[in-house]
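Student: The structure follows.
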Amino acid sequence: MKLLVTGGAGFIGSAVVRQALADGHEVVNLDALTYAACLENLAPVAGHPGYAFVKADIRDQAVLETVFAEHAPDAVMHLAAESHVDRSIDGPGAFIETNVLGTYALLQAARGYWQDKGRPESFRFHHISTDEVFGSLGPEGKFTETTPYDPRSPYSASKASSDHLVRAWHETYGLPVLLTNCSNNYGPYHFPEKLIPVVILNALAGRPIPVYGAGENVRDWLYVEDHAAALLLVMQKGRVGRSYNIGGENEARNIDLVRMICALLDEMKPADRPYSSLISFVADRPGHDLRYAIDPTRIREELGWRPSVTLEEGLRRTVRWYLDNEAWWRPLLGREGVGVRMGCFLENTSVKGN
Ligand SMILES: NC(=O)c1ccc[n+]([C@@H]2O[C@H](COP(=O)([O-])OP(=O)(O)OC[C@H]3O[C@@H](n4cnc5c(N)ncnc54)[C@H](O)[C@@H]3O)[C@@H](O)[C@H]2O)c1
């Protein structure tokens, strides 16, 4: 199939592009190359004959229409987004612009293209979303596909809005859509502002390892390559109009996750004291959801997907990858906002222009 992947220069999008090409698909990667993008993530496939890159913004419907006309994709996999919760607290505007208005522009361009082609049943618009749209769980229970939406951060609210738009374009115009809501990803090429790379890179630099609040927040971690495999499966075999929750069934409290990473570093790159001595508890994120957990029964029973990697094994591979790939991460530490604590929300913060 020929896939139009948006956000293919990001963390998860690049894993999807690499895996799709390896599976024999053609890929057109459309990305605006924001601060979070890294074309280096695609170095392994840059010369692949089935790969094309278009630098474009999903908010620009006219450009999107040209891309659809020129490349004639069989399916869209929509990953482009502003994705960092802490940044969404300081500057929600970019999240509304890209995640809501950008998804709207993409839906309109996709719909026009699909209608012009005679509304083929085989076309797919696959929207990639997050479990954060469901809000926060207590100690028990898991998110299913029918859990009511209850987003609590600007990021999750913008993703929830985009999910609603995608469903509406299916119900109203018949666009053949698919949705997936996934838990926290980790793995190689993870941008160094997210928790796991922050822990690894601060530890290696001998700097304090920040843990928000008491580190009690629980996340359900999924290795990024397992997510990419699930997305490609849903895109090809998922039932139109349906959503699928994707999770690794690997729940961990943040503090336990950080200790696991420190122990792996102690083993793989011993220092003169245990890395866990660098752990430093810092002020919590406002509105920090306590627990996310995914019930992946639907994708397992309908499509036969299950994660291939345990959290322990995935973390081991990830730590090894960061130790071996300093040339990838070192330049990113100089990008705007990286290494700066964001999302603390001071009462007197200006809201002008955000
Ligand atoms: N990271 C996670 O743990 C996670 C979990 C579940 C779902 N998701 C969803 O998966 C998707 C990808 O997440 P990620 O972690 O790879 O994000 P990322 O921040 O690493 O990458 C986002 C990519 O989108 C591009 N982009 C941003 N705004 C754009 C615009 N206006 N036009 C075109 N391109 C634009 C960026 O340049 C970047 O390459 C997002 O939709 C996110 O909500 C992420």
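Student: State all residues of region 24-55 that are open to solvent by less than 30 Å² (accessible area, probe 1.4 Å) and in a helix (DSSP H, G or I); if no residue qualifies, say none.
Tutor: Asn41, Leu42, Val45
Student: Shifting gears a bit: Mind checking which residues of region 321-345 are in contact with a helix residue (DSSP H, G or I) (Cβ under 7 Å, 6 or more places away or on another chain) and open to solvent by 60 Å² or more (accessible area, probe 1.4 Å)?
Tutor: Selection gives Gly339, Phe345.
Student: Another question about this same structure. Got at least one residue in region 78-86 being more than 16 Å from the chain's Cα centre (by Cα) and either outside any helix (DSSP H, G or I) or not β-branched (Val, Ile, Thr) (or both)?
Tutor: Of all residues in region 78-86, those more than 16 Å from the chain's Cα centre (by Cα) come to none.
For region 78-86, residues more than 16 Å from the chain's Cα centre (by Cα) and either outside any helix (DSSP H, G or I) or not β-branched (Val, Ile, Thr) (or both): absent.
Student: For Thr6, work out the one condition from (1) in contact with a helix residue (DSSP H, G or I) (Cβ under 8 Å, 6 or more places away or on another chain); (2) of a type outside the set (A, V, I, L, M); (3) open to solvent by 40 Å² or more (accessible area, probe 1.4 Å) it doesn't fulfil.
Tutor: That leaves (3) as the condition not met.
Residue-by-condition table, conditions (1) without any contact (Cβ under 8 Å) to a residue 40 or more places away in the chain; (2) in contact with an Asp or Glu (Cβ under 8 Å, 6 or more places away or on another chain); (3) within 28 Å of Ser88 (Cα to Cα):
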{"residue": "Glu267", "(1), (2), (3)": "yes, no, no"}
{"residue": "Pro270", "(1), (2), (3)": "yes, no, no"}
{"residue": "Arg273", "(1), (2), (3)": "yes, no, no"}
{"residue": "His288", "(1), (2), (3)": "no, no, yes"}
{"residue": "Glu302", "(1), (2), (3)": "no, no, no"}
{"residue": "Trp305", "(1), (2), (3)": "no, no, no"}
{"residue": "Ser308", "(1), (2), (3)": "no, yes, no"}
{"residue": "Arg317", "(1), (2), (3)": "no, no, no"}
{"residue": "Arg330", "(1), (2), (3)": "yes, no, yes"}
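Student: Oh, and also: Which one is most open to solvent (accessible area, probe 1.4 Å) among residues in region 180-221 that are within 12 Å of the ligand (Cβ to nearest atom) and on the phi > 0 side of the Ramachandran plot?
Tutor: If we take residues in region 180-221 being within 12 Å of the ligand (Cβ to nearest atom) and on the phi > 0 side of the Ramachandran plot, then Tyr189 is most open to solvent (accessible area, probe 1.4 Å).
Student: Another one. Could you tell me which of the residues Pro92, Pro44, Pro73 is more than 8 Å from the ligand (Cβ to nearest atom) and touching a Leu at 6+ places or on another chain (Cβ under 8 Å)?
Tutor: Working: Pro92 fails: touching a Leu at 6+ places or on another chain (Cβ under 8 Å); Pro44 fails: touching a Leu at 6+ places or on another chain (Cβ under 8 Å).
So the residue among Pro92, Pro44, Pro73 that is more than 8 Å from the ligand (Cβ to nearest atom) and touching a Leu at 6+ places or on another chain (Cβ under 8 Å) is Pro73.
Student: Would you confirm whether any residue within region 123-132 is in contact (Cβ under 8 Å) with a residue 40 or more places away in the chain and away from the ligand (no atom under 16 Å from the Cβ)? Working first, answer last.
Tutor: To start, the set of residues in region 123-132 that are in contact (Cβ under 8 Å) with a residue 40 or more places away in the chain comprises 123-132.
Now restrict to residues that are away from the ligand (no atom under 16 Å from the Cβ): 123-124.
For region 123-132, residues in contact (Cβ under 8 Å) with a residue 40 or more places away in the chain and away from the ligand (no atom under 16 Å from the Cβ): present.
Student: Of everything in region 222-256, what is within 14 Å of the ligand (Cβ to nearest atom) and open to solvent by 60 Å² or more (accessible area, probe 1.4 Å)? Give them in sequence order.
Tutor: Hit for region 222-256 is Glu225, nothing else.
Student: Okay, moving on. Just give me the residues in region 9-18 being more than 13 Å from His126 (Cβ to Cβ) and either open to solvent by less than 20 Å² (accessible area, probe 1.4 Å) or within 6 Å of the ligand (Cβ to nearest atom) (or both), in sequence order.
Tutor: Correct list: Ala9, Gly10, Phe11, Ser14, Ala15, Val17.
Student: On to the next question. For region 133-162, which residues satisfy the criterion of being of a type in the set (Ser, Thr, Tyr), buried (at least 16 other Cβ atoms within 10 Å of the Cβ) and free of Cβ contacts under 8 Å to residues at least 24 places away in the same chain?
Tutor: Thr147
Student: Right, something else. Here are Asp116, Asp74: which of them is open to solvent by 60 Å² or more (accessible area, probe 1.4 Å), touching a residue at least 24 places away in the same chain (Cβ under 8 Å) and over 21 Å from the mean Cα position of the chain (by Cα)? Don't jump to the end; show me each part of the working.
Tutor: Numbers: Asp116 fails: touching a residue at least 24 places away in the same chain (Cβ under 8 Å).
One residue alone meets the criteria, Asp74.
Student: Looking at (1) farther than 24 Å from Ala160 by Cβ; (2) more than 14 Å from the chain's Cα centre (by Cα); (3) within 10 Å of the ligand (Cβ to nearest atom); (4) surrounded by 19 or more Cβ atoms within 10 Å (Cβ to Cβ), which is the only condition Leu21 fails?
Tutor: For Leu21, the failing item is (3).
Student: On the given criteria, is Ala81 within 15 Å of the ligand (Cβ to nearest atom), surrounded by fewer than 17 Cβ atoms within 10 Å (Cβ to Cβ) and at pLDDT 95 or above?
Tutor: Spelling it out, it is not the case that Ala81 is within 15 Å of the ligand (Cβ to nearest atom), surrounded by fewer than 17 Cβ atoms within 10 Å (Cβ to Cβ) and at pLDDT 95 or above.
Student: Please give the number of the condition Thr66 fails out of (1) out of contact with any strand residue (DSSP E or B) (no Cβ under 7 Å at 6 or more places or on another chain); (2) open to solvent by 60 Å² or more (accessible area, probe 1.4 Å); (3) closer than 14 Å to Val5 by Cα.
Tutor: Only one criterion in (1) out of contact with any strand residue (DSSP E or B) (no Cβ under 7 Å at 6 or more places or on another chain); (2) open to solvent by 60 Å² or more (accessible area, probe 1.4 Å); (3) closer than 14 Å to Val5 by Cα is unmet by Thr66, namely (3).
The values are calculated or read from the model by the stated rules, or taken from the named source; none is laboratory data. Since the structure is predicted, the reported quantities are computational estimates derived from the model, not experimental observations. Neighbour counts run over all protein chains shown; Cβ positions are idealised from the backbone, glycine included. For accessibility, only protein heavy atoms count, side chains too; no ligands or nucleic acids. Shrake-Rupley method; radii C 1.70, N 1.55, O 1.52, S 1.80 Å.
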